[in-house]
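The values are calculated or read from the model by the stated rules, or taken from the named source; none is laboratory data. The structure presented is a predicted model; accordingly, all values stated were derived computationally and were not measured. In this analysis, Cβ positions are derived from the backbone assuming ideal geometry, glycine residues included, and neighbour counts consider all displayed protein chains. All accessible areas refer to the heavy atoms of the entire protein, side chains included, with ligands and DNA or RNA removed. Shrake-Rupley method; radii C 1.70, N 1.55, O 1.52, S 1.80 Å.
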Amino acid sequence: MSCQKIYEADDDFYKSIGIDPEKTQKIQASKKNLEDLQNYYESLEHQGITMVTIEDEDYPDRLKVIDDPPIVFFLKGDKTLVNWPSIAIVGARKCTEYGYSVANELGNELGKAGFSVVSGMALGIDEAAHKGALSKGNRTLAVLGCGVDICYPKQNRTLYQALLERGGLLSEFLPGTEPRAYQFPMRNRIISGLSLGTVVVEAAQRSGSLITAHLALAQNREVFAVPGNMNNPLSKGTNKLIQAGAKMVTCVEDIIEELVYQLPIQCDNFENNYTNNPILLLDKVEIMVYDNLSWQPTPLLDVAQKSNMSEHQIEKILLKLEIKGFITRLPGRRYVRLN
């Protein structure tokens, strides 16, 4: 007799094989629980919500290795985003116009480079980062502190709809769960856990964004911070992160150059503008110096003269180019291109 037939059997069958009435009652109660679960699962499908458990193949490896990974989470929108190489952008809700502009630009540029932008759909920096990615039709995922079927804050209804249509929404909380203050710090570990690195744009000395940055460090992920005016309270958190060792961000290349070499490990099929065209990893001065080199060995003094720079200045730039893998140094302070 198959397991299915045993499971579907009635009380008389259980009695015939020696199972007492009390145990039979428990078996029948478990069937009701399973039916309820099946009905719930079907209702999620009807709402366009996907449930992913930690045992599923689609569960992202990056999230599995963090402390306290969610046993289950719920998704609406593009389901592939949870496994796409991602960078988190977080920051103050009551941000400055400057902070909003920077987050929007970084979201746009990271999206163009092929990354998915992860944030929390809050007002301010989160909102700007999502919109920056969406502006060019790129990938972005919002991790919510409520159910994925609830738009919070309500002011972001248009953004919520855009994420449904062109991005994704994720939450570990059951659909229908209303937002509660304690749930937002909980979701921060998922924002950083899904991402290769976290960028903080404007944060007070005590803020949820700094919690996310510290979680990223604990998860062995990169942390970046945008510097700000020392007299602005919203710059104190980011400036302090930089003092503590976070990489300062003045342009999108500052982020990408730290992460691009991890991509073959994270996602074999990942392609973006920077891996296809590595020269985009260089700033203007580095490109100028690189252009003054060839595949024939060139003495340092010749490079300095061509670049109209001192030997001391040129040596620093050549060292950067060497570290980034564009050139190599030969005996006699001579340099040659590798790319």
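Quick rundown of the values:
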| quantity | calculated |
| --- | --- |
| Boolean, residue 177 is of a type outside the set (Gly, Ala, Ser) and touching a Gly at 6+ places or on another chain (Cβ under 8 Å) | yes |
| Test: residue 134 is crowded, with 22+ Cβ neighbours inside 10 Å, more than 12 Å from residue 89 (Cβ to Cβ) and without any contact (Cβ under 8 Å) to a residue 60 or more places away in the chain | no |
| Subset of region 298-333 (residues that are surrounded by 17 or more Cβ atoms within 10 Å (Cβ to Cβ), touching a residue at least 24 places away in the same chain (Cβ under 8 Å) and farther than 24 Å from residue 253 by Cα) | 298, 303 |
| In region 217-250, residue nearest to the chain's Cα centre (by Cα) [restricted to those that are more than 11 Å from residue 199 (Cα to Cα) and in contact (Cβ under 8 Å) with a residue 40 or more places away in the chain] | 219 |
| Residue match in region 136-147 (condition: modelled with pLDDT of 95 or more and β-branched (Val, Ile, Thr)) | yes |
| Subset of region 41-63 [modelled with pLDDT of 90 or more, aliphatic (A, V, I, L, M) and not in a loop (DSSP other than H, G, I, E, B)] | 51, 52, 63 |
| Flag for residue 132 being within 28 Å of residue 239 (Cα to Cα) and assigned to a loop (DSSP other than H, G, I, E, B) | no |
| Residues located in region 321-338, provided they are assigned to a helix (DSSP H, G or I) and either at pLDDT 85 or above or within 18 Å of residue 294 (Cβ to Cβ) (or both) | 321, 322 |
| Search result, residues across region 92-121 that are β-branched (Val, Ile, Thr) and surrounded by fewer than 21 Cβ atoms within 10 Å (Cβ to Cβ) | 96 |
| Residue list for region 50-91, restricted to those being open to solvent by 60 Å² or more (accessible area, probe 1.4 Å) and within 27 Å of residue 204 (Cα to Cα) | 67, 68 |
